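The values are calculated or read from the model by the stated rules, or taken from the named source; none is laboratory data. Everything numeric here is computed off the predicted structure, so don't read it as measured data. Ideal geometry is used to build each Cβ from the backbone, glycine not excepted, and the neighbour counts take in all protein chains shown. The protein model used for the area step is the full one, side chains on, heavy atoms only, and it has no ligands, DNA or RNA in it. Shrake-Rupley method; radii C 1.70, N 1.55, O 1.52, S 1.80 Å.
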Amino acid sequence: MTDPSFEFLKSKFDVSLETFLILKDLASRKKLKQGEAFVKQGNKSKKIAFLTSGLMRAYCTLETGKEITKNIFSPFSFLGAFSSIVNDEPSQLSYVALVDCFVYEVDFDKFLQISKTNIAVSNLYSRILEYVFVIYENKQLENMSLNATDRYLNLKQNIPHIDNLIPQYQIASYLNISPVQLSRIRKSLY
C-alpha cells in the first residue's frame, strides 16, 4: 500500500494495515479551503483531524482583536481542540487552513469507543498522545531557549517556503515577535 498517511503512521507508530483500515473507515477525508475553519474559537468541538496536505494554524483572538498564533501545522500532524473535547467546553483556539488542505476528520467519541474494544487502536492512541506531548514540550523548550532568529530559522527548516505561503504577521505571531522584528531578522539574514 502506498498511501502516504499509512506510511507515516506505520513508520512513526508501527500501525498495521488492519488498524489503518479501521481508522480510515472511521475517518472522512475533507478538503478545507484557505481561510476555512476546522474549529472556531468559542465553539465546542468533538472532532480531531489528521492533516495530510497544506498548512493550518491554531490561534486565539484577544478582546483587543490581536491574534496570537499557538501553532502552525504541516503534514502529517494531529490537531483539534483537545481541551474543548476533553472538558466539553468552548474552544479557546481557532484551527484554520492557511492554504488549501486535506484532513482526515474523526469523531473523537467514536474513536474512543473503538479504542475501548480494540487493543491496537488503544495502543495507537497512547503513542499518539506521547508523540504530541513530546512535540509540545520541544516547542516550549525552543521558545524558552532560542532567540527569535533561531526560532525563525527552525520554522523555515520545517516549512521551507513559509514566507511565500502565509502573511508575515502570522509568522511573527507564531514566533512571538512583532512583524517589524521579523522584517529586521529577514533583512539581516538575506
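Can you pull out the residues in region 4-36 that are over 19 Å from residue 113 (Cβ atoms) and either among the aromatic types (Phe, Trp, Tyr) or open to solvent by less than 30 Å² (accessible area, probe 1.4 Å) (or both)? 5, 6, 8, 9, 13, 32, listed by residue number. Number of residues in region 49-73 that are assigned to a loop (DSSP other than H, G, I, E, B) and open to solvent by less than 30 Å² (accessible area, probe 1.4 Å): the value is 2. Based on this model, can you work out whether residue 121 counts as open to solvent by less than 30 Å² (accessible area, probe 1.4 Å), outside any helix (DSSP H, G or I) and within 22 Å of residue 6 (Cα to Cα)? When the stated conditions are applied, residue 121 does not pass them.
Listed by first and then second residue, the pairs linking a residue in region 163-190 that is among the small types (Gly, Ala, Ser) to a residue that is in a helix (DSSP H, G or I), with Cβ atoms under 8 Å apart and 6 or more places separating them unless they lie on different chains, are 172/179; 172/181; 172/182; 178/172; 183/168; 188/149.
Is it the case that residue 106 is of a type in the set (Val, Ile, Thr), out of contact with any Cys (no Cβ under 7 Å at 6 or more places or on another chain) and in a helix (DSSP H, G or I)? Against the criterion (of a type in the set (Val, Ile, Thr), out of contact with any Cys (no Cβ under 7 Å at 6 or more places or on another chain) and in a helix (DSSP H, G or I)), residue 106 does not qualify. Quick check on region 158-190: of everything there that is of a type in the set (D, E, K, R) and open to solvent by 70 Å² or more (accessible area, probe 1.4 Å), which residue is farthest from residue 68 (Cα to Cα)? Filtering first and then ranking leaves 187.
Residues in region 37-48 that are part of a loop (DSSP other than H, G, I, E, B), open to solvent by less than 80 Å² (accessible area, probe 1.4 Å) and either among the charged types (D, E, K, R) or free of Cβ contacts under 8 Å to residues at least 24 places away in the same chain (or both): 46 only. Here 19, 2 are screened, and the one residue that is out of contact with any Cys (no Cβ under 9 Å at 6 or more places or on another chain) and either over 17 Å from residue 75 (Cβ atoms) or not polar (S, T, N, Q) (or both) is 19. Comparison of 141, 129, 155 shows that the only residue that is outside any strand (DSSP E or B), crowded, with 16+ Cβ neighbours inside 10 Å and at negative phi is 155.
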